[in-house]
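All remarks here apply to the structure that follows.
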Amino acid sequence: MPIRRLSAIFTLLVSLLFTGVVSGQSAVPHPRLWIRGAEHLSQLQSWATEDNPLWVQLLAMADEAVAEMEAGNLPEGDLGGYAYTEYPNENYAMLLAFVSLVHPDSATRADYANRARTLLMYVMNEVALGEADAPFRTVDFATSDRSRWHGLGFPLTVDWIYNTLTPEDKATIRAVFLRWQEYNRIAYTTNNNHPEPIGVVNDPILVADRGYVRWSNNNYYAAHMRNMGLMALALNPEDDPDNALRQYLNEATGAWLYVIDDQLRTDVAGGLGAEGFEYTPQSTGYVLQFLLALYTAGEADTTVHGQQVSIESQPFWADAIEAYVHSLSPQPVQHEWYGQVFQPAWYGSGQSYYNPDHIESFGALGIYDQLVGNTSQLEAIRWIQLHTAPGGEQALLERMDFEQFNRAILYYMLFDPNAAAPADPRPSVPTTHYAPGMRRLLSRTDWTPDAALFTYNNSWQSIDHQSGNAGGFEFYRDGEWLTKVRVGYDLDYHTSDNMNTLSVENGLPDRDSTDWRYMMGQRGSQWLYVSTADPSQPVITEGDGFLAVHGDMTNVYNSEYEQVTGVMSVARSVVWLKPDVIIVYDRAQTTAAGFKRFNLNLATGGTVDANRAVVTTPQGQQFVINTLLPGNAVLNVIEVPDEVSSAPAEGELMRFRFVSATSEEVSEAVFLHVLIGADAGAALPEIELVSADPASPVVRVGDTIVRFTGATVVVER
C-alpha cells in the first residue's frame, strides 16, 4: 500500500479518535446528557402521566414558563446580570427542553423545543457580539453566581433540543462556548479557582501544592468544571470540525476532575465536604452532575480518562450517604414555613439553620444508581430525598417548584412512580461515623427518635466557609440540642468561641483594627485561612458504653503568616459516657500570660452556683455544667448578642454561652468539666475529683472512673 495512503488512513484514525468517534461521542446520539439511550428516554416518557404527581408538577412549571413568554417576561425580562436574575433564560430553556423530550403529545413537544431554542439563542446572540461591559457579555456572566446556579442550562438545552437547532445556531453556540471555556479555565471568582499549572492534565504536579488543591472543594471551582465538561460534550463532531470545543473535555476530566478526585480521597475522605452543610450539597452536586453526564455520554471510561471519571471507584459517594444520615438530628421539628425539618449537626457557613435539600447531589447520584442497577443505594437516596429534605414527604412537590429548575428535573428523573416506597436505610448503618478528611466524628446511641447524639471536630481550616472549630463538640439529647455550634454566615460567626472550643490569647496581628484577622486575634480564636498547619488527626477510642477522643489543636491557634506564634500547646480530650455525660479535659500553654476560656453555647440562660452552672433547656431538660479545674475558675452564663456582621442563621438556637475562665491572665491553664443531661426532676450522678493533678486528673461520675494522661484516656465502669 502506498505510503501516502497509509498516512491518510493514519490521519483519519487520529482525527476520528480526537473528534470523539472512536471514544464514543458520535456513537451516542442526542439526548446524551443525563439521559442514557433510547431505553432510558422511553422510561422517562412512560412516567409522564396524569397519575404521576411529579409529572403534573413539572408540566405545571413548564406551562408557567410558556405563560411568562406570552406575557413578554421571557426572553426580554432577562437583564443579563451575573448574580440573581428574576428571569434567567437558560433556566427556563432547560425546563422546556426537558419537557419537550418526555411530553406525550408530539405537537406540544415541538412547541416546547422551539420555545427553548428562542430563549437559548436570545442569550447566545447577545454573547456572540463579543466581550464587553454589557449584559450577558462579561466574564462574570460565565464564571460567577449565575453560572453555578443556572450555567448547566445552556449545554443541557443544546443537547436536549439538538435537532431543533439550525447549523447557524450551532455555529453561534460553539463560538460562545469556546469563549466561556477560556473564561472558566482561568477563572478567579474566589481564591485558587482553577487547577495549576493551566493546561496540564493527569499529572501529579496538579496536586503537589496541597493548600492550593484544597480550594477544589469550593463551590465555584466545581461549577466551573461542570460547565466546562457539559459544554465540551454538547456538540457533535461535525459541528465542531477542528475539535476546538471538544478538547476542553480533556481539561475538565484530566485537570479539574483529577484534582477533585484526589481531594475526595484525601482531605475530605469520609463523605463530608470542606465547605459544610450550606455549600457542600451544591459543590458535590456539580461534580456528580458532570460525572452523570460523562456516564450517559459514554465517556466514563477509566482507560481513556482515568479513575476520576468513575463514580463506582470513588468511595466518597457511598460515605456521603452514611455521613449525611449521621448528621441529621434524631427528631425533626416544625418549621414556620417548610413544615418538618431536621436540625443537623452543622458545620461551615449557614444562612438558615435547618437541613437543606441535597437533591443536586443525591439526585444525580441516584439517577446513576438507577442506570447501573445499584438498587440498595438508589432506595436509600429515594428515602433520604422523600423524608429528610425540608418539609418531608408532604412538601415534595413544593421542593420541585424551586427557582433552579434542574432540581425539579432531578426529582422527576429520580422517582419512578411505579417503584415501591423506599425503606429507611438507617437501621443498617453503624452508630458511629468518622470522616478522616475533615476529622469529624458523629456518634449516636441508636437510630430511634429518642437517640442521644455526640459530635466532635478537629478540622483543617484553609478555604472559604470553614470555621475555627478544632476541638469543638456538640450534644443532642431527648429531642433537642443541649449545646451545639452557633451558626451564621460571616467570619465573626466562625470564631472559636462560637464553636464550643477554647479561646486562647496569642497576641494581635499587625493589622488595622477593622481587619477580620485583628478580630480573630482579639477573641483568641483559631486562625482561618492562615493557620500555621492543620490540627492533628484525633485519637478515637470506643468501648463498652463510652466514646473517647483526643485532639491536638496547637497549629490552628498559631499563624506564622501573621507572625503570631505564641501558643505552645492546646489539646483537648473528650469522653462521652453514653448516653448522658460528657467529660472535657483541656490544656493550653502560651509563651506569654493571657486569657484562656472554655466556651459552651446554650439555648437558654442558666444560674451559676460555686463551680456549677444549671440550665433548663427550652423543653425542660436539665443541663448541668460542673467545673472541676481550675479550682478558682470564673464562671458566667452570658447572653450572646448578634455578631457585628449580621444576625445569626435563621432558626439558630444558641443564644447564650457558658464561659469558664482563669481568674487572671496566665501562661498555662487546665480545664476539667463534667456535663450532664437529664430529664426534668431526675436525680443526677455524684461527681468527685479523685485527683486534681493537672497532668493526669481523675474524675468519678457515679460508678465510673475516668483517668486522663496526655492523649490516653482510661474508663473504668
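The values are calculated or read from the model by the stated rules, or taken from the named source; none is laboratory data. Because the structure is a prediction, the values reported are computed rather than measured. When we count neighbours, we look across all protein chains shown, and the Cβ atoms used for this are built from the backbone with ideal geometry, even at glycine. Note: areas computed on protein heavy atoms with side chains; ligands, DNA, RNA excluded. Shrake-Rupley method; radii C 1.70, N 1.55, O 1.52, S 1.80 Å.
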Q. For the stretch 467-557, what is the Kirkwood estimate of the hydrodynamic radius, computed as the reciprocal of the mean inverse distance between distinct Cα atoms, to one decimal in Å?
A. 14.5 Å
Q) Roughly what would the spin-label model give for Gln522 and Asp51, points 7 Å off Cα along C-beta, in nm? A) 6.6 nm
Q. How many nm separate the modelled label positions at Ala110 and Asn125, each set 7 Å beyond the Cα in the direction of the Cβ?
A. 2.2 nm
Q: Would you compute, for the Cα atoms of the stretch 529-646, the largest minus smallest coordinate along each principal axis and list the three values in descending order, in whole Å?
A: 47, 42, 33
(Q) In Å and on Cα atoms, what radius of gyration and Dmax does the stretch 108-209 show? (A) 16.0, 53
Q) Among Asp159, Asp51, what's the order by accessible area (1.4 angstrom probe), most exposed first? A) Asp51, Asp159
Q: State the three equivalent ellipsoid semi-axes of the stretch 368-501, derived from the C-alpha gyration tensor as the square roots of 5 times its eigenvalues, in descending order and whole Å.
A: 32, 20, 16
Q. Which whole-angstrom value gives the distance between the alpha carbon centres of the stretch 344-377 and the stretch 464-493?
A. 21 Å
**Q.** Descending semi-axes in whole angstrom, ellipsoid equivalent of the stretch 39-175, from the Cα gyration tensor
**A.** 27, 16, 13
Q | Dipole magnitude of the stretch 226-323 about its Cα centre (Cβ charges: Lys, Arg +1; Asp, Glu -1), debye to nearest 20 | A | 80 debye
Q | ³J(HN,Hα), Karplus 6.51/-1.76/1.60, whole Hz, each residue of the stretch 492-509, x for Gly, Pro | A | 5, 7, 9, 6, 5, 5, 7, 10, 6, 9, 7, 9, 10, 5, 8, x, 10, x
(Q) Beyond 19 Å, how much of the Cα-Cα pair distribution for the stretch 281-355 remains, as a whole percent? (A) 52 percent
Q.
As a test question: what accessible area, to the nearest 10 Å², does His305 have when a 1.4 Å probe is rolled over all protein chains in place?
A. 20 Å²
Q.
How much length would be gained if the chain were fully extended between Ile205 and Ala60, taking 0.36 nm per residue of separation minus their Cα-Cα distance, in nm to one decimal?
A. 47.2 nm
Q | Candidate lysines for bridging to Lys596, where Cα separation is under 27 Å - those fewer than 8 sequence places away on the same chain excluded | A | Lys484
Q. In whole percent, what relative contact order does the chain give with Cα contacts below 8 Å and a gap of six or more residues?
A. 9 percent
Q) If ligands, DNA and RNA are left out, what is the accessible area of Asp492 with a 1.4 Å probe, given in Å² to the nearest 10? A) 20 Å²
Q | Translational diffusion coefficient (Stokes-Einstein; Kirkwood radius from C-alpha pairs) of the chain at 37 °C, 0.692 mPa s, in µm²/s | A | 121 µm²/s
Q) Just from the alpha-carbon atoms, what are the Rg and Dmax of the stretch 332-429 in angstroms? A) 13.5, 40
(Q) For the stretch 154-303, I need the span (max minus min coordinate) of the C-alpha atoms along each principal axis, in Å, sorted largest to smallest. (A) 46, 32, 29
Q) In deg cm²/dmol, rounded to 500, what helix-only [θ] at 222 nm does the chain give when every DSSP H run of at least 4 residues adds -39500 (n - 2.57) and the total is split over its residues? A) -10000 deg cm²/dmol
Q. What is the calculated FRET efficiency for Ser313 to Leu178, with r their C-beta to C-beta distance and R₀ = 22 Å, to the nearest 0.05?
A. 0.10
(Q) How much accessible area per residue does the stretch 557-704 have, counting only protein heavy atoms and a probe of 1.4 Å, in square angstrom? (A) 41 Å²
Q: Could you check how much of the accessible area of the stretch 457-525 is carbon and sulfur, as a whole percent, using a 1.4 Å probe?
A: 39 percent
Q: Work out how much length Asp490 to Thr166 would gain on full extension: take 0.36 nm times their residue separation and subtract the Cα-Cα distance, in nm to one decimal.
A: 111.9 nm
Q: Give me the number: length gained by fully extending Ile186 to Phe656, i.e. 0.36 nm times residue separation minus the C-alpha to C-alpha distance, one decimal in nm.
A: 164.7 nm
Q | Unit charges on C-beta of K, R, D, E only; dipole of the stretch 129-233, Debye | A | 200 debye
Q.
Using a 1.4 Å probe on the protein heavy atoms, what percent of the accessible area of the stretch 208-317 belongs to carbon and sulfur?
A. 49 percent
Q: Using Cα pairs closer than 8 Å and at least 6 residues apart in sequence, work out the relative contact order for the stretch 608-717, in percent.
A: 22 percent
Q) To the nearest 10 square angstrom, how much accessible area does Trp383 have with a 1.4 angstrom probe? A) 20 Å²
Q. For the residue pair Asp450 and Phe595, what label-to-label distance in nm results when each label sits 7 Å from Cα along the Cα-to-beta-carbon direction?
A. 4.3 nm
Q. How big, in percent, is the set of alpha carbon pairs in the stretch 618-717 lying more than 24 Å apart?
A. 41 percent
**Q.** Cβ-Cβ FRET estimate between Asn636 and Ser513, R0 fixed at 25 Å, reported to 0.05
**A.** 0.45
Q: Take every Cα pair under 8 Å in the stretch 465-568 that's 6+ residues apart, average their separations, divide by the length, and report that relative contact order as a whole percent.
A: 24 percent
Q.
Just to confirm my numbers, what's the Cα centroid distance between the stretch 672-691 and the stretch 528-563 in Å?
A. 27 Å
Q.
So, for the stretch 412-549, what is the accessible surface per residue at a probe of 1.4 Å, expressed in square angstrom?
A. 30 Å²
Q: Quickly rank 117-130, 287-300, 166-179 as a protection proxy: mean count of other C-beta atoms within 10 Å, highest first.
A: 287-300, 117-130, 166-179
Q) Between Asp544 and Ala682, what FRET efficiency follows from the Cβ-Cβ distance if R0 is 30 Å, with the result rounded to 0.05? A) 0.85
